[in-house]
Amino acid sequence: MTEIEGYKVIPLRVSAEAEHCHSVFMKEHFIRLIDPNKPKGRTLFILNIPPYVTTQSLEKFFQQYGPVEFVIFAEKPGRDETEKWHENLTEFSNVKPPFKFKVAYVVFKKSASLGRALEASAINLFSDTTNESFIESGMQLWHTQYQETILDIEQTQKHIEEYMAAYDERERLALEAAKNSAADADGWITVGKQGRDSGFEQKESVLNKLEQKIEKGKKKKELTNFYTFQIRESKMKNILELRKKFEEDKKKIEMIKQTRRFKPF
C-alpha cells in the first residue's frame, strides 16, 4: 500500500484466488465548487476503476464501513462528467453505459464512514465467508443481460400512463396560456378567438386593410422638403408642371379662337 500525490494506492480484487489484480487510487473528494451530488466530507473518489466493476459491487463492499447513499461513475473527473456518463440512459432504452475504465464517487450517509473507508487496505469485491464474487460473469452474466432486455408489462404500462398524464397536463397548461394570451417558455404568445383580447381573424380582406394602414402611416412619417436637394428637386418639378400647364392652356386658347371666329360666307 503506497501513496502517490495524495492518492492512496490499493489493489482491487474480484475473487479470492486472483493472483494479479488492478490497482486503484482513492482519496477524499474535495473541490472548490460545491456539488450537491458529491457532498464535502462524505464522498470518496476512486480512480482507475475497471470496466467490469458495477455500482452494486462497490456499494456492497463499502457498506461494511457505514451506510452508503449511492455510487456513481464518470469517464473522468469533472463537475458535469457524471451527467455525461448517464446521458441518454433511460429505463426503456437499449443504450448501455460505456465499457471502459472510469472513476467512481462513493457517497456515504455519515462523515465517519468516509474516514473508515480511507483506512481500507484493499477493495475485495467478493464475500469473505463464501468467496462468492459480487460481479456476475459467464453464463450468469449472459442470463442477467438477457433478462434485462425483456420489459416488465406492468412497469411499462405504468411508465406510459405517467408519461401521458404529464403530456395531458402540459397540453392543458398550454391551452390555458393561449386563452389568457400568456407567453410560453420561448416568449411566444398564442392568439386565440376567445376572451377580451382575442386578436383578429387572418382573412385576406383584413390583412389588406392592415397593409394599407401601415403604408399610410409610413407616408405620414416621411419628411418632405427637409433636405436641400429635396427643396431644389421640388422647385424644379413645380417649374416643369407650370410650363406644361402653360403649353396646354395656349393650345386651349387657340382652339377657342378658332371655334369663335366670325365667318359670314
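Some observations on this one:
- Matching residues, region 125-153, being touching an Asp or Glu at 6+ places or on another chain (Cβ under 8 Å) and either loosely packed, with under 11 Cβ neighbours inside 10 Å or free of Cβ contacts under 8 Å to residues at least 24 places away in the same chain (or both): THR144
- Taking the criterion of being over 16 Å from LEU114 (Cβ atoms), open to solvent by 10 Å² or more (accessible area, probe 1.4 Å) and not in a strand (DSSP E or B), the residues of region 39-59 that qualify are PRO51, TYR52, THR54, THR55, GLN56.
- The residues of region 6-15 that are closer than 30 Å to THR129 by Cβ and open to solvent by 50 Å² or more (accessible area, probe 1.4 Å) amount to a single one, ARG13.
- Within region 24-38, the set of residues being touching a Ser or Thr at 6+ places or on another chain (Cβ under 9 Å) and either surrounded by fewer than 18 Cβ atoms within 10 Å (Cβ to Cβ) or outside any loop (DSSP other than H, G, I, E, B) (or both) comprises GLU28, PHE30, ASP35, ASN37.
The values are calculated or read from the model by the stated rules, or taken from the named source; none is laboratory data. None of these values were measured; they are calculated from a predicted model. Glycine gets a Cβ as well: all are built from the backbone with ideal geometry, and neighbour counts include every protein chain shown. For the accessible areas, the whole protein counts, side chains as well, though only heavy atoms, and no ligand, DNA or RNA atoms are used. Shrake-Rupley method; radii C 1.70, N 1.55, O 1.52, S 1.80 Å.
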